[in-house]
Amino acid sequence: MSHLEKTHHFGLLTPSSNTVQEPEFSAALPPTVSLHTARVAYRDITPQEQDRCVLELETESRKLADAEVDVIVFAATAPTLAKGKGYDRELIKRMEDAAGRPATTAATAFVDALARLGVAKIAIGAPWSKIMDKPMVEFMEASGFKVVHSEVVGFVASIDLGRVGPETAYELGRRVDRPDADAIVMPGGNWSSMPVVDRLEQELGKPVLVNNAVSLWAGLRLLKRRDSIPGYGRLLRDHVAA
């Protein structure tokens with residue numbers, strides 16, 4: 001077997017209960033980018049677990065730095081917007097101070113991706129419970145986007161969410177769409193939604209942004225990559241290059 005040199009090392013900070021991100025990231029990353037993962041304790045999708053998981057942010061970021069990753073992405077939406085606008089930036093600073101590496105979060109990635117695509121109005125389809133919906137809507141509104149509609153599936157146990165197939169994401173994406181929404185936003189890192197992005201975009205005629213795709217996109221841009229990654233929607237296909 002021939003050796004392929006890895007020119008970049010992508011650091012993924014994922015919740016401990018997540019079983020979806022590593023397979024999805026590995027499948028989509030360019031062949032010359034290697035994936036390296038650390039985990040923060042996070043079992044249920046609740047406000048209490050959001051507070052608990054960030055206690056390990058510095059420790060796990062330093063572990064990724066030991067592997068000399070080039071970037072760190074905390075690829076979980078709910079914990080990175082839990083305390084409103086600006087909280088994601090606080091978490092980024094904590095990671096960067098601990099690891100000495102550039103970092104970003106899923107919440108930050110959603111905002112940056114929507115801005116990149118020129119989106120003003122969004123519909124949100126999330127896998128979690130209703131109690132988690134309010135912080136998400138408030139964060140997106142405070143970040144300058146009009147939320148025209150939002151719905152949730154109702155999952156609380158993250159491990160259960162990780163066992164759900166992509167058709168659940170597809171059905172929710174179809175259901176939450178509204179004529180006045182410029183894009184569909186689908187948070188939830190332990191949710192197999194990347195496989196249905198292309199299909200939804202073709203049927204709905206608008207961008208569909210899901211947690212793992214935007215997190216990958218944001219990390220690749222920090223790496224200053226210029227890849228076009230087909231199969232996961234227009235963001236990764238057309239907008240990685242700066």
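May I ask you to derive the relative contact order of region 122-228, considering only C-alpha pairs under 8 Å and at least 6 residues apart, and to give it as an integer percent?
On the way: 155 pairs, mean separation 30.2, N = 107.
Computed over region 122-228, the figure is 28 percent.
Binning all Cα-Cα separations of the chain at 10 Å, short to long from zero, yields these whole-percent fractions: 8, 36, 39, 15, 2, 0.
For Cα pairs less than 8 Å apart in space and 6+ apart in sequence, what is the mean separation divided by the residue count of region 1-160, i.e. the relative contact order in percent?
Worked out over region 1-160, it gives 23 percent.
Obtain the radius of gyration and the Kirkwood radius of region 116-156 from its C-alpha atoms and give Rg over Rh. Reported Rg/Rh (Cα atoms, Kirkwood Rh): 1.00.
What the Cα atoms of region 77-170 give is an Rg and a Dmax of 14.4, 40 Å.
Here the label points at LYS6 and LYS85, each 7 Å from Cα along the C-beta direction, are separated by 3.9 nm in the simple model. Loop-located GluC sites (Glu not before Pro) in region 1-57 (DSSP state other than H, G, I, E, B) with a sparse environment of at most 10 neighbouring Cβ atoms within 10 Å: GLU5. Taking all pairs of distinct Cα atoms, average 1/r, flip it, and tell me the Kirkwood hydrodynamic radius of region 1-79 in Å to one decimal place. Answer for region 1-79: a Kirkwood hydrodynamic radius of 13.3 Å.
Here the simple spin-label model places points 7 Å from the Cα toward Cβ, and for LEU117 and SER228 these points are separated by 1.8 nm.
To the nearest 0.05, how large is the calculated FRET efficiency for LYS134 and ASP66 if R₀ is 35 Å and r is the Cβ-Cβ distance? Can you show the working numbers first?
On the way: r = 38 Å, r/R0 = 1.08.
Step by step, r from the Cβ atoms, then E = 0.40.
Read-outs throughout are calculated quantities, based only on the coordinates presented, and are distinct from any laboratory measurement. Source: prediction; values computed, not measured. Methodologically, a virtual Cβ is constructed for each residue, glycine included, from the backbone with ideal geometry; neighbour enumeration extends over all protein chains shown.
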